[in-house]
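Read through the structure below, which is laid out as structure tokens, and then see the notes.
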Amino acid sequence: MPINRRQFLRRGALSSAGLYLSACAPISTLSQTGKYDYTLTLEAAPFELIPGTQTPGLGFNGQYPSPVLRAKQGQPITITVINKLDQPTTIHWHGIRIDIAMDGVPFLSQKPIMPGETFVYRFTPPDAGTFWYHPHVNSVEQLGKGLVGLLIVEEADSDQFSADQFAADIPLMIKNWHLNDDGSFRPLSIPRYAARMGTPGNYETINGQHKPIIEVPENSWVRLRFANVDNTLVYKIRLKDYDARLLSIDANPLQPAPEFKQHAIGAGMRFDLAVRTPAAGETVTVQNGKGKLFFDFCTLKSIASPASQDHQQPLPTPPLNPLSEPDMANAETLKFTFEWEGAITPADDQGKAKHKFWTINRRAWEGMSKDSIPAPLANLEFSKTYVFDLKNNTPHHHPIHIHGIMFKVLKSTKKNIEPFFTDTVLMEKNERVKIAFVADNPGRWMYHCHVIEHMKTGLMGYIEIS
């Protein structure tokens, strides 16, 4: 049956969630009671990741891939979260400049959602782009077993730009699972790896599929939204012998959109590509780099469709988000050094190891509870500009993420930087990076490495804006 462009956009979102890539793919169910009003449950559920096996995962609405939530820039969204797990949880909306009460960090911004409880998140996203959502409790297990999902905020309506200028809008959620051949889980964290790069998985997926084939309309501009929701790995993405444009980094458009060659994203990071698809029947290969070699990751297959566009259709240009430009003339500089603490393993009162491998300014995150909130790494004055001088004194990558703000990457000792806004910066070994931002969102904001094992073993703290 013929479909129009809006239907193809919808189909593209569903296909990228793994819904028509194969006959046995899981069917997404999402309770949506209003235009941007959703219900999510967190519950144990089996997934078929390796064909013919069952993986005992944790899923939003009992499934993987998780539902792709869609919102509109400047319009309120409501998500009712029901905890059907046997452990507490929260939801953090990664990258959204949000009110602190909705940020989803236990004790720092909200009470944990206990088993059987419900919590309602309400916020109005000020920025458009590719974001994601995940718990901030027992993160190694909850994220590692499947509690990750995408939140797509479409651009506000304007005369200059419409999301429909792309013939398809395709989220690509990247995750490497820790699986045995029978689908059961391998250990999600091994201390000797947690003290280094983090414990890598062994089964790569995009939207829950291994090397999927994704249909796209021929001869058209399509938007690909890559999101690294893995606990650990850095992905180095390129298109094999095919041209594209880099539209945005971590939800922030680049103008003009540069030619795309390859782009590395650490855990938690995203980027959007604009690809002009080939004629029906032809394919585009997406690859992932490992060391100096690249391997096929997924395939775009062009099909004839009413959503296909005219060859002369210009490149769609998403507008910039409404971010405050740092006042560099009056900025205050603060220095932060990320280091490895060492091999000594402290223990609790019962003799159980409490691994602390990483520090920020020689301080390892000690955890927190209702009655014990550690001091912040820094107290910032509202509306003032700050420069963070970040130094990675370790031989490993660290994707450094700050909640509640977008910061501008200014320069690096390892790369030539054209300054850009982001919420997570990937630091290479022994790299020094300077970032700047206006402290215009009051609250206590987590500040951490997004390699989950690094975060859980010390490389985390928070800043307070007041």
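Rule-based calculations on the coordinates, nothing more; no lab input. Just so it is clear, the model here is predicted, and its values are computed rather than measured. Virtual Cβ from ideal backbone geometry, glycine too; neighbours counted across all protein chains shown.
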| said: Tell me the net charge near Thr53. Cut-off is 13 Å between Cβ atoms, Thr53 excluded, with +1 for each Lys or Arg and -1 for each Asp or Glu. | reply: -3
| query | If you keep only loop residues by DSSP, which GluC sites (Glu not before Pro) in the range 360-428 have at most 12 other Cβ atoms within 10 Å of their Cβ? | reply | Glu366, Glu381
| query | Taking amide hydrogens as modeled 1.01 Å from N in the peptide plane, which residues meet the under 5 Å criterion relative to Tyr203, leaving out close sequence neighbours? | reply | Trp177, Leu179
| query | For Lys391, which lysines qualify as cross-link partners when the Cα separation must be under 17 Å and same-chain residues fewer than eight apart are set aside? | reply | Lys335, Lys408, Lys411, Lys414, Lys415, Lys429, Lys434
| Percent of beta bridges antiparallel (DSSP, the chain, rounded to nearest 5) | 75
| query | Going by how many other Cβ atoms sit within 10 Å of their own, how do Ser372, Ser220 line up, fewest first? | reply | Ser372, Ser220
| remark: Counting only backbone N atoms under 12 Å from a point 7 Å out along Cα-to-Cβ of Gln87, the residues of the range 51-73 in range are 58
| By how many nm would the segment from Ser466 to Ile190 grow when fully extended, if each residue of separation counts as 0.36 nm and the alpha-carbon distance is taken off? | 95.5 nm
| said: Please list, in order along the range 406-413, the HN-Hα scalar couplings obtained from phi with the Karplus expression 6.51 cos²θ - 1.76 cosθ + 1.60 (θ = phi - 60°), rounded to whole Hz, x for Gly and Pro. | reply: 10, 10, 9, 7, 9, 6, 9, 7
| Going by how many other Cβ atoms sit within 10 Å of their own, how do Asp127, Asp230 line up, fewest first? | Asp127, Asp230
| request: Go through (1) 1.40; (2) 0.94; (3) 1.02 and flag the label whose value is the computed Cα Rg over 2.2 N^0.38 Å for this structure. | output: (2)
| task | Note the angle between two axes, namely the Cα long axis of helix 5-16 and the longest principal axis of the Cα atoms of the chain, as a number of degrees from 0 to 90, rounded to the nearest 10. | result | 50
| request: Note the full-extension length gain between Gln75 and Asp310 as 0.36 nm times their separation in residues minus their Cα-Cα distance, in nm to one decimal. | output: 81.4 nm
| note | Listed by chain and number, the lysines with an alpha carbon less than 24 angstrom from that of Lys35, same-chain partners under 8 positions apart left out, are Lys72
| task | Mind listing the long-range amide H neighbours of Phe47? Cut-off is under 5 Å, sequence gap 5 or more, other chains count too, H placed in the peptide plane at 1.01 Å from N. | result | Thr55, Gly57
| Gain in span if fully extended, Glu418 to Ala375, counting 0.36 nm per residue against the direct Cα distance | 12.0 nm
| remark: Using alpha carbon centers only, the range 394-411 is separated from the range 306-337 by a whole-angstrom value of 17
| remark: Going fewest to most other Cβ atoms within 10 Å around each Cβ, Met328, Met455 line up as Met328, Met455
